[in-house]
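Read the structure below first, then the notes.
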Amino acid sequence: MGVLVMNKDLVVKQEFNKDILNVQDLGKFLETQEQVETPITHSIFGGIYTRAMFIPKDTLIIGKRHRNATCNMLIQGTISIYMGEDLPVRTLIGPCVFPSEPFSQKLGYAHTDVIFVTVHPTSETDVNKMEEILTIPEEEYEKLKEIEEVKKITEAV
């Protein structure tokens, strides 16, 4: 299978303002910066979809939120990853495998050239539909967070 770009992950060289405090604000800032090519290879077999991405050294990358838990594989390289407010930044050296929770959003800095793979169970066979099925737009995610907050409040009463 050839290299295809499934979505437009925000990928830029590491040039950012230290005053930016959250991933969404950082993403908006990084959209204004020089973008970097990250070749992607898609594979679908037996109900499993994999998305392999080459990330060049010294690249800061923000991925999209996945609707479900994801199996992540760092095939080669060294990357520091932030996956949420309650989690520390982790520096990983490949090869290694680690999970990410539903709705998490990964922010990574590639210290070396990196090959990073995500693995998703799916019955879909059309690569062009994967982004819509597997990721959740920020607006939809924010609405879900509001609903969960209301549930917590009403359950506490």
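Computed from phi, the 3J(HN,Hα) profile of the range 69-77 under the Karplus parametrisation 6.51, -1.76, 1.60 (θ = phi - 60°) reads 4, 10, 8, 10, 10, 8, 6, 8, x Hz, with x in place of Gly and Pro.
Taking Lys and Arg as +1 and Asp and Glu as -1, the other residues whose beta-carbon sits under 15 Å from that of residue 98 total +1. Amide H to amide H distances under 5 Å link residue 59 with 110, where only residues 5 or more positions off or on other chains count and H is placed in the peptide plane. Rounded to the nearest 0.05, the FRET efficiency derived from the C-beta distance between residue 90 and residue 112 at R0 = 22 Å is 0.90.
Over the C-alpha trace of the range 37-131, radius of gyration and Dmax come out as 13.0, 35 angstrom. Amide H to amide H, with H built 1.01 Å from N, residue 33 comes under 5 Å of no residue 5 or more places away or on another chain.
Taking a sphere under 11 Å around the Cβ of residue 83 and counting the other residues whose Cβ falls inside, with K and R at +1 and D and E at -1, yields a net charge of 0.
For the range 66-157, the dipole from Cβ point charges (+1 on Lys and Arg, -1 on Asp and Glu) about the Cα centre works out to 360 debye, to the nearest 20. Using only Cα atoms, locate the centre of the range 36-82 and the centre of the range 95-157, then give the distance between them in Å, rounded to an integer. That distance is 12 Å.
None of the figures in this text is laboratory data; all of them are computed from the coordinates on show. Owing to the predicted nature of the structure, the values given are computational and were not obtained by experimental measurement. Quick reminder, even Gly has a Cβ in these numbers, built from the backbone with ideal geometry, and neighbours come from all protein chains shown.
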